[in-house]
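Below is one structure, written out as structure tokens, with a few remarks after it.
The values are calculated or read from the model by the stated rules, or taken from the named source; none is laboratory data. Only a predicted model underlies this, so the values are computations on that prediction, with no experimental measurement involved. Using ideal geometry, Cβ is built from the backbone for each residue, glycine included, and neighbour counts are taken over all protein chains shown. To get the accessible areas, we keep the full protein, side chains included, count just its heavy atoms, and leave off ligands, DNA and RNA. Shrake-Rupley method; radii C 1.70, N 1.55, O 1.52, S 1.80 Å.
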Amino acid sequence: SVESGLYSYTLFDNGGNVMISGENLEHYPTTDYVGMGVIGVSLPGSEDASVYKSVYCNVESGEISEPFLHVIDAHEGYVMYVTETEGEYSVVVQDIFDAQAYSKAYSLEDFNPDAKQPISCRGISAGGEAKIVYKSGKSAEEKNLTVYLP
């Protein structure tokens, strides 16, 4: 629903219970089916529409994930997102609902988060190989990184 340019949303599980909702949003949320009854709700960052904050919900079990920032993609129960620690950036591949079950980080060499569309996923193979393209250095040169979903 839209009221004076602001958006709201509600996501229900299969039993009709409200899982998550949001009101007075600047951007319309997107939803993605990411496998096994899991739906992701993503909100574009207000400053950069290519940066997403996402929450994942299992509509069968009613399980809700932690919120993920800087999400690149999600597929078959795993999420890929960018994290930063002391100026070093990484892509993390993680089990959506249980970081203890699976979480692996891949370093982004000289990542430039200020570049236009700094990172994207160019596809995931049937074998779980994800092709990541990111901008590096002041010249924002494109670099490729392959990450693997288990």
**Message:** Tell me whether segment 122-132 contains one or more residues that are outside any strand (DSSP E or B), touching a strand residue (DSSP E or B) at 6+ places or on another chain (Cβ under 6 Å), open to solvent by 50 Å² or more (accessible area, probe 1.4 Å) and of a type in the set (D, E, K, R).
**Reply:** no
**Complete:** Checking Leu43, Leu11, Leu25 in turn, the sole residue that is within 16 Å of the chain's Cα centre (by Cα), at pLDDT below 90 and on the phi < 0 side of the Ramachandran plot turns out to be Leu43
**Complete:** Ala115: passes all of (1) part of a strand (DSSP E or B); (2) farther than 27 Å from Val59 by Cβ; (3) in contact with a strand residue (DSSP E or B) (Cβ under 6 Å, 6 or more places away or on another chain) but (1)
**Message:** Given the criterion open to solvent by 30 Å² or more (accessible area, probe 1.4 Å), within 30 Å of Gly137 (Cβ to Cβ), touching a Ser or Thr at 6+ places or on another chain (Cβ under 7 Å) and of a type in the set (S, T, N, Q), identify the matching residue among Ser42, Ser107, Ser21, Ser90.
**Reply:** Ser107
**Request:** Return yes or no: is Glu76 open to solvent by 90 Å² or more (accessible area, probe 1.4 Å), closer than 17 Å to Val38 by Cβ and not polar (S, T, N, Q)?
**Result:** yes
**Message:** Conditions first: (1) surrounded by 17 or more Cβ atoms within 10 Å (Cβ to Cβ); (2) modelled with pLDDT of 90 or more. Ala99 passes all but one, so which condition is the exception?
**Reply:** (1)
